[in-house]
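Comments concern the structure below.
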Amino acid sequence: MVTANPFAPITMTSLLRSLFPSSRIRLPATARYLATTAETSTSADAAPVAESSTSPSEPAKFTPYTRRAGLLARKRGMTAVWDQDGRRWPVTVLQVQECQVIQHRKPHESSPHLHGLQIGAKNKHWKKETVFMQGHYRTKGEGVQPKYRLKEFQVTEDAVMKVGSWLSAGHFVPGQYVDVRAKT
């Protein structure tokens, strides 16, 4: 589901609802329809999570083999939730701060089917950036600001997004497995 404000705060309850859909927490009607088109939903209310850069008017057609971009997040702490059987599940709370697509790289000869998407997180003031990196951000167009963190993700062609697109926690779907990496 695409929201108008990419910086809208995500409440703990909505985060827990998306992580544990089978728990006692009641889901709002809008949360039930967060799904990719790979999970071919027949509901007319279902909305795609992201759109492909090939045709902005058509929703993205994800397959089970689609490699999508990740997000950069900050760990805010730990908590726990309980399921219907009374089991306790530890939960890590992550904060996604102003994630944006900075650059799109075409496929290289070594991997002709994978595109590169550079994702940046947390806006940085222009004066705190080096002249070289200021030029990097200025060539990307309006709306792209300097970022504190940059990371490039290898994605398939059907998961390519436009430069300047905002990413939020809605990029993932409930029940999706994620690979988390961190500095120690």
Enter the Cα centre distance for the pair the range 66-122 and the range 129-145, rounded to the nearest angstrom.
23 Å
Hey, fewest Cβ within 10 Å first, where do 179, 158, 83 land in order?
179, 83, 158
Any chance you could run the full-extension gain for residue 179 through residue 88? It's 0.36 nm times the residue separation minus the Cα-Cα distance, nm to one decimal.
30.6 nm
Compactness of the range 58-182, expressed as Rg and Dmax over alpha-carbon positions, Å:
17.1, 57
Footprinting proxy, 152, 98, 142: sorted fewest to most Cβ within 10 Å, the residues are 142, 152, 98
Within the range 66-101, DSSP-loop trypsin sites (Lys or Arg not before Pro) with at most 16 other C-beta atoms within 10 Å are 67, 87
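Just so you know, all these numbers are worked out from the coordinates, no wet-lab data involved. The structure displayed is predicted, hence computed values, not measured ones. Because the Cβ atoms are built from the backbone with ideal geometry, glycine has one as well, and the counts that use them run over all protein chains shown.
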